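Q: First the structure, then my questions, so here it is.
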Amino acid sequence: MRRGHPAIIVGLIVLCISPSYACYPTFSVAYLWGGNEGQILSVPKLEFYQLLLELAGIEPQETQSRPKWRTTLEMDLNDLREALAAAGWPAEKQDAAQRQYEALRQSMKTYAEGSDQDSDFYSCESKARFDLAPHEAFLQELPLEFALYLRGAAAYRGNDFEEAVEHWDELLALPPEQRRYRSTWAAFMLGKAWIVLDVARAGFYFEQIRSLARQGFRDPLGLSQDSLGWDGMVFFRQKRYPEAMRRYFELFQAKPEQAENVSSLMWCCSRIFQEPSVDRMVVEDPLCRKIVAAWIMKGNYPFNHQGWMDALTAAGVTLDPDEAGALAWISYKVGDIERARKWLSLAESQSPRGKWIQTKIWLRDGKIDEAMDLLRALADTFPSYEDADLRAELGVLKLGRREYLEAMDTFARSHCWDDAAYVAERVLTVAELEGYIQKHAKDNTGRQNQANEG
């Protein structure tokens, strides 16, 4: 056995040849240390979020989240300030009205929810209504659209949805010039109220929000975008899965940073396979097929794999190379190698993931050289976390070809530190390690990684 010296191995780890992470790298499978060399014949783990980003053709957005209630209140107060100024209120009276309005809004929220913080839970249990009587004189002074919106909000928070609908309908019946600020808000809340009263009517109001925004009515909270998710929920409850998935995906494209947009698509995919048979409309919709394929590729969910494949065959749909490559991935994942070969024949040479599956089939067939050449060609094709898995597989194969230094370097650059250390300690000589460290001592990536540790 060719062994290195522990002190040299420490030097290798300190060198940390790889692009840096904020605090620490994501660890890949320990192929050698754990005796998992055969893992290169399995498909790596994928992230549904990353697959959706690829499908949407967008990059992940780094945004700083803010409390929803605080944002809502700020936008509410900004609109009121502008409306009061446009109505000719003196500055001193505007300031007093702003303070009184903010206190009223805070009191309504705290009374209904027990806190002025964000909450994802809303109880439909019957409870006493917030009493607006002490604030009646103030409501009479406010611009009518703000007063009507508040009356509807008080009724809604008290679970009196019928009365809430009456107030918001009255608001939307005002002349356009008298409801510039609260039309989109009222339509949004009408949609939510009708989900409780009669879900079949809710979709009209979510569509109306988008129409109002296009007409120029104020939408500072982006309710026209958020309405897509609520619209999707309406379709979901009606088991109109293609429409639901399209709404959810459109919202994901607009706001990819919001985790609930990914969860909605995951839940929709799961429900499709809980039905007695696969919805033909889903199978015939290209976008839905790709979303479902991404969901299946992501995890080990209990689903009717044979039913999905049979539905695709029965529908006679035309698949593009990426779809065929995804289906090859899925078939290989569940052990259906022959079906994977069939899909690969359709994927041709245009599907990167299809090519990755081809390398695994070649390895099973003993075509090691062909597999290694294709893995090298695929490097830098995938997102970083997948690319690390691909390079680690190449590292295992290099080790099998006695390309020891190249194998260790590949493992290190793939963040497979356990495997890099294994090769350094169990395989390389001290001289080989020293030469490697001297060669890479001035690597920019190494210095950058050390500077950013922690």
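Q: Quick one: would you say Phe411 is open to solvent by 10 Å² or more (accessible area, probe 1.4 Å) and in contact with a helix residue (DSSP H, G or I) (Cβ under 8 Å, 6 or more places away or on another chain)?
A: On the way: open to solvent by 10 Å² or more (accessible area, probe 1.4 Å): no; in contact with a helix residue (DSSP H, G or I) (Cβ under 8 Å, 6 or more places away or on another chain): yes.
No.
Q: With a cut-off of at least 2 residues that are more than 22 Å from the chain's Cα centre (by Cα), name the helices (runs of 4 or more DSSP H) lying wholly within segment 213-331.
A: Values: elements: 223-237, 241-254, 259-272, 280-284, 286-298, 305-315.
Filter on segment 213-331 gives 280-284, 305-315.
Q: Out of curiosity, is Asp219 open to solvent by less than 50 Å² (accessible area, probe 1.4 Å), closer than 22 Å to Trp69 by Cα and of a type in the set (D, E, K, R)?
A: Working: open to solvent by less than 50 Å² (accessible area, probe 1.4 Å): yes; closer than 22 Å to Trp69 by Cα: yes; of a type in the set (D, E, K, R): yes.
Considered against the rule, which asks whether it is open to solvent by less than 50 Å² (accessible area, probe 1.4 Å), closer than 22 Å to Trp69 by Cα and of a type in the set (D, E, K, R), Asp219 comes out as yes.
Residues checked against (1) in contact (Cβ under 8 Å) with a residue 40 or more places away in the chain; (2) of a type outside the set (Ser, Thr, Tyr):
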residue: Ala202; (1), (2): no, yes
residue: Arg218; (1), (2): yes, yes
residue: Ala259; (1), (2): no, yes
residue: Ser263; (1), (2): no, no
residue: Ala293; (1), (2): no, yes
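Q: In segment 359-372, which residues are open to solvent by 30 Å² or more (accessible area, probe 1.4 Å) and touching a residue at least 24 places away in the same chain (Cβ under 8 Å)? Spell out the reasoning first.
A: Of the residues in segment 359-372, the ones open to solvent by 30 Å² or more (accessible area, probe 1.4 Å) are 362, 364-370.
Matches in segment 359-372: Arg364, Ile368.
Q: For segment 346-368, which positions are under 28 Å from the mean Cα position of the chain (by Cα) and modelled with pLDDT of 85 or more?
A: Keep residues of segment 346-368 that are under 28 Å from the mean Cα position of the chain (by Cα), which gives 347, 350-357.
If the condition is that a residue be under 28 Å from the mean Cα position of the chain (by Cα) and modelled with pLDDT of 85 or more, then Ser351, Pro352, Arg353, Gly354, Lys355, Trp356, Ile357 are the ones that fit.
The values are calculated or read from the model by the stated rules, or taken from the named source; none is laboratory data. If you're wondering where the values come from, they're calculated on a predicted model, not measured in any experiment. Note that each Cβ is placed from the backbone with ideal geometry, even for glycine, and that neighbours are counted across all protein chains shown. We work out accessible area using only protein heavy atoms, side chains counted, and drop any ligands, DNA or RNA first. Shrake-Rupley method; radii C 1.70, N 1.55, O 1.52, S 1.80 Å.
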